[in-house]
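Only one structure is covered here, and it is reproduced in the block below.
The values are calculated or read from the model by the stated rules, or taken from the named source; none is laboratory data. This one's a predicted model, so the numbers in the text were calculated from it and none came from an experiment. Glycine gets a Cβ as well: all are built from the backbone with ideal geometry, and neighbour counts include every protein chain shown. Heavy atoms of the whole protein, side chains included, go into the accessibility calculation; ligands, DNA and RNA do not. Shrake-Rupley method; radii C 1.70, N 1.55, O 1.52, S 1.80 Å.
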Amino acid sequence: MSRLYLICVLLLCGYTQYAQNSVLYVQDYFDTLSFDTAKNSSFDPMVTSNFGLDNGIYWFKIKNTLDSDRVLQLPSAHIEDVSLYSAEGTLFHDVAFTRFPTYSLDKYAEYPLYMRVDLEKEANIPIQIEDSASYFERSQKDLFKLGLYYGFAVMVILINLMCFVLFDEKVFLNYLVFLSAVGLSYFYSDGLFRMFGMSGTLIETYIEPMFHIAVGLFGAYFSSNFLRLNEHLPKLKWIVGGLILTTILFIGVYWIKSDYTFMAVANIIMFLVGLTYLIAGITMFKSKVYARFYVIAYGLLFVMAADFYVFKSLGLNFLNISAMQLKVASLIEMLVLTYAIMYRMRSIQEEKELMNAEMRIYLKRIEILQRTEALQDAEEAYMENLIDHYDLDATETRLLQYISDGKENNKIARILNLNVRQVEKLTKSLYRKLEIGEQIHDDYRMLDEQPDYIYN
């Protein structure tokens, strides 16, 4: 199992994106360069597309590499303020309704091109230049893959909704809310908001962090309920609550100061929340089967998401995970965890049935004990009434008790230290004293007068 898991990780992390050798850059630290001054600046080769948190204004010089119509695209949801100039200073307009900033360049464009990018978040500038035919073919394939992913995600959400309605198990509801939050976060990072014309400060500055908070909150709630941590690790919720409040605090500071460093710290803390639940699942790995499903499904997605959302923003190319690879890991997580929820529900139902059976047995025993005690109390009360009414002495009382218990005369004789004849004599005396003969005579008389008396 561990070998298969390792192979899946290597396959999903096998893609690596290299920087364009035809791109040069210079950083405008103080926002002093114009187009004319930038042309005469000293550009350095762009050996990496990720400068981490060293954001700000960058100028890029792009050489001609293809003798055909070309498309230049910056595939990052965090890039919005872009200006592209020809060698003569002509400003290009980006293509509308695309997922990321995209520029169409014909083969007669004047090179080199100069591009100004104002980065307010992390300085990750993946520049892609390709011929038009390749671009449109790749775009169609990417949209088709995204359609498959979101279609499958909606199907899994509907399945969990149906299971929640049918089985009234809240863990299905928790998981579908978590999946919805993850889907909205992916929707933004895939540039689909921009493609549908929804962009601006509200989406870029406020909505994206709220998606991250939602993923963390609903993920924590789902993980806690799925792993039943209130039973196994009840104090963990206080640690997680503190981390989530700290995350919200850093996001608030980011909104106030517009410094993406605070948002990067908030992302790190939010992933610490996820790591906390992953460690909790690992501690239960041997004892709980559903915890094994959780660790296997969630562990792979956590590592890849941490690389995509945290390490990249810090300028670290750990696994260099692409968005599509993250989607594949999400699909695996959906399949495994949906099955795990079904398995967990079945195990919980079996536990409930066993508890109900044990409770029924316990209540039955209590009922029998109460009935026995009631009979004993009734017998004792009856005996006390007989003793008081007929003024029985100690020997007669004991004899009456032994007779009512069904003991034989020889055993009664041994207990009372008498012989059998004496016991018989005492029994006859007790018989007369209790007027049992008169009562039997009355019963026979009633039976002669009313034949159905015995049934009344």
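In debye, nearest 20, what is the charge dipole magnitude of the chain about its Cα centre with +1 on Lys and Arg Cβ and -1 on Asp and Glu Cβ, if you could check? If you can, show how the numbers build up before the last one.
Details: 40 positive and 53 negative charges, 289 e Å.
Roughly 1380 debye for the chain.
Each of ALA394, THR338, ILE207 was placed along the dipole of the chain (beta-carbon charges, centred on the mean Cα), and the one lying farthest toward the positive end is THR338. Put simply, the amide H of ILE57, placed in the peptide plane, has neighbours under 5 Å in ASP28, LEU119, leaving out anything fewer than 5 places away on its chain.
For the stretch 164-225 versus the stretch 143-157, the inter-centroid distance based on Cα atoms is 15 Å. For the chain, carbon and sulfur atoms together expose 60% of the accessible surface, with a 1.4 angstrom probe and every protein chain in place.
Given that just one value was derived from the coordinates, which of (1) 23, 54, 22, 1; (2) 18, 35, 15, 10, 11, 8, 3; (3) 22, 43, 26, 9, 1 is P(r) over Cα pairs in 20 Å bins from 0, in percent? Looking at P(r) over Cα pairs in 20 Å bins from 0, in percent for this model, the match is (2). What the chain shows is 58 Å² of accessible area per residue, with the surface traced by a 1.4 Å probe over protein heavy atoms. Between the listed residues PRO234, ASN174, LEU161, the Cα displaced farthest toward the positive end of the dipole of the chain, a dipole computed from Cβ unit charges relative to the Cα centre, is found at PRO234.
For the stretch 115-208, the Cβ-based charge dipole about the Cα centre amounts to some 160 debye (Lys, Arg positive; Asp, Glu negative; other atoms uncharged). When TRP59, TRP255 are compared by accessible surface with a 1.4 Å probe, the order from highest to lowest is TRP255, TRP59. Taking the chain as the reference, fit the longest principal axis to its C-alpha atoms, fit the long axis of helix 436-449 to the helix C-alpha atoms, and give the angle between the two in degrees, 0 to 90, nearest 10. Taking Cα atoms only, the helix is inclined about 80 degrees.
May I ask you to work out the translational diffusion coefficient for the stretch 78-183 at 10 °C, viscosity 1.306 mPa s, via Stokes-Einstein with Rh from the Kirkwood sum over Cα pairs, reported in whole µm²/s?
Rounded, D is 91 µm²/s.
In this structure, the amide hydrogen of LEU105, modeled 1.01 Å from its nitrogen in the peptide plane, lies closer than 5 angstrom to those of ARG70, VAL71, LEU72, counting only residues at least 5 positions away or on a different chain. The label-point distance for LEU91 and LEU314, in a model that sets each label 7 Å from Cα toward Cβ, rounds to 3.9 nm.
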